[in-house]
Amino acid sequence: MLTNTIHRGRQSILFADPPSILSYASVVGKKESQGPLGNSFDLSIQDGHFGQESWEKAESHLQRTSLKLALQKAALEEEDLDAVLLGDLLNQCIGSSFSMLGKNIPTLGLYGACSTMAESLLLGAMSVSGGFCRRIAALTSSHFASSERQYRFPLGYGGQRCPTAQWTVTGSGAVILGKEEKGPYIRSATVGCIVDSGITDANNMGAAMAPAACDTLCAHFRDLNCSPDDYDLIVTGDLGSLGSQALRDLMDAEGIPLGKNYRDCGVMIFDCKKQDVHCGGSGCGCSAVVLCGHLLGQIQRRKLNRLLFCGTGALLSPVSVQQGESIPGVCHAVSISSDRE
């Protein structure tokens, strides 16, 4: 029987032997490098094709590059990884599967939409803490052009974007987890449930995901007997300006106001007034690069000590949208600390 993880409540895990974040890396596109967090990313590539033949191959290149940088930072080789957990927004996660071609790394593909970075961290932490892996990589990406082609309309159409729309981030984040005696550490995690509030507008994903974020946050605070005040910062994945305000309202109704220490990665990554992104950023790469660029840097510099990272995902597909289905949401929460205790 495993003794180094403790299940709390129905949805949460407290790691008695917290896995450590050995290294992390972020790669972004041109628009992201021009935003408020531009200086925090490891690499920005100004050509959206990244020298590849298609947008989809460009996204695979993003993943390969961020993983390579993270391994270099930790002075590790690909052979030092027992597995990689990765995903993207494309059908059948082709960006991720093609990025691993020729690497001979045991691979587990994930799909949690924009919650995939938190999902991969959560499962990676469980794998390391449980002794199933010594070192594991959590890796996600998104690309504006490949996502637009799949979910909405060809870019060449020049279609009008509605006010509630968000801009899919071009970027990839990678985290290497292990058991070495250095931080930051993953202290706890909460697995989210699927929540469907009946939203059918694919251009209003913040409203679709906010109820799931509320459900997971309430579960996290209940299961682990903590409150928003126990964290220096709580971030959601990419609710955007509309969705993050909806989350505040929902949490107020639950009697758990988030206060001043709550922010959203979709709002943080762009300057919504200057960059014409409407309600902010979205996509698997959004929370991934904000975490692997800005947030983990803040923890390493001790400007943050306790972070609650909540990846939010809208679980729609082109087929479900065309059939008029509502948009289910999910949120997974991961607690990251500068100290082991």
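The values are calculated or read from the model by the stated rules, or taken from the named source; none is laboratory data. Treat the numbers as computed from the prediction; the structure is a model and nothing was measured. Ideal geometry is used to build each Cβ from the backbone, glycine not excepted, and the neighbour counts take in all protein chains shown.
So here's what we get for this one:
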| read-out | value |
| --- | --- |
| Pair list, Cβ < 7 Å and 6+ apart or interchain, from the stretch 71-91 residues that are surrounded by fewer than 16 Cβ atoms within 10 Å (Cβ to Cβ) to residues that are part of a helix (DSSP H, G or I) and at pLDDT 95 or above | Glu77/Leu71; Glu78/Leu71 |
| Unique residue being of a type in the set (Gly, Ala, Ser), modelled with pLDDT of 95 or more and not in a strand (DSSP E or B) when the list is Ala70, Ala25 | Ala70 |
| Test result for Gly311, modelled with pLDDT of 95 or more and surrounded by 23 or more Cβ atoms within 10 Å (Cβ to Cβ) | yes |
| Helices (runs of 4 or more DSSP H) within the stretch 266-341 that include 1 or more residues of a type outside the set (Ser, Thr, Tyr) and in contact with a Pro (Cβ under 7 Å, 6 or more places away or on another chain) | 296-300 |
| Any chance Ala75 is of a type in the set (A, V, I, L, M) and in a helix (DSSP H, G or I) | no |
| Residues being closer than 12 Å to Gly87 by Cα and out of contact with any helix residue (DSSP H, G or I) (no Cβ under 8 Å at 6 or more places or on another chain) - total across the stretch 122-137 | 0 |
| Unique match (being buried (at least 16 other Cβ atoms within 10 Å of the Cβ), at pLDDT below 95 and not in a loop (DSSP other than H, G, I, E, B)) among Ser188, Ser146, Ser172 | Ser146 |
| Residue within the stretch 194-209 that is more than 24 Å from Gln34 (Cα to Cα), in a loop (DSSP other than H, G, I, E, B), among the charged types (D, E, K, R) and not assigned by TED's automatic domain parsing to the domain that holds Ser20 present | yes |
| Residue that is surrounded by the most Cβ atoms within 10 Å (Cβ to Cβ), among those in the stretch 273-308 that are at positive phi and in contact (Cβ under 8 Å) with a residue 60 or more places away in the chain | Gly283 |
| Selection status of Asp230, surrounded by fewer than 16 Cβ atoms within 10 Å (Cβ to Cβ), closer than 23 Å to Arg302 by Cβ and in the same structural domain as Ser197 (by TED's automatic domain parsing) | yes |
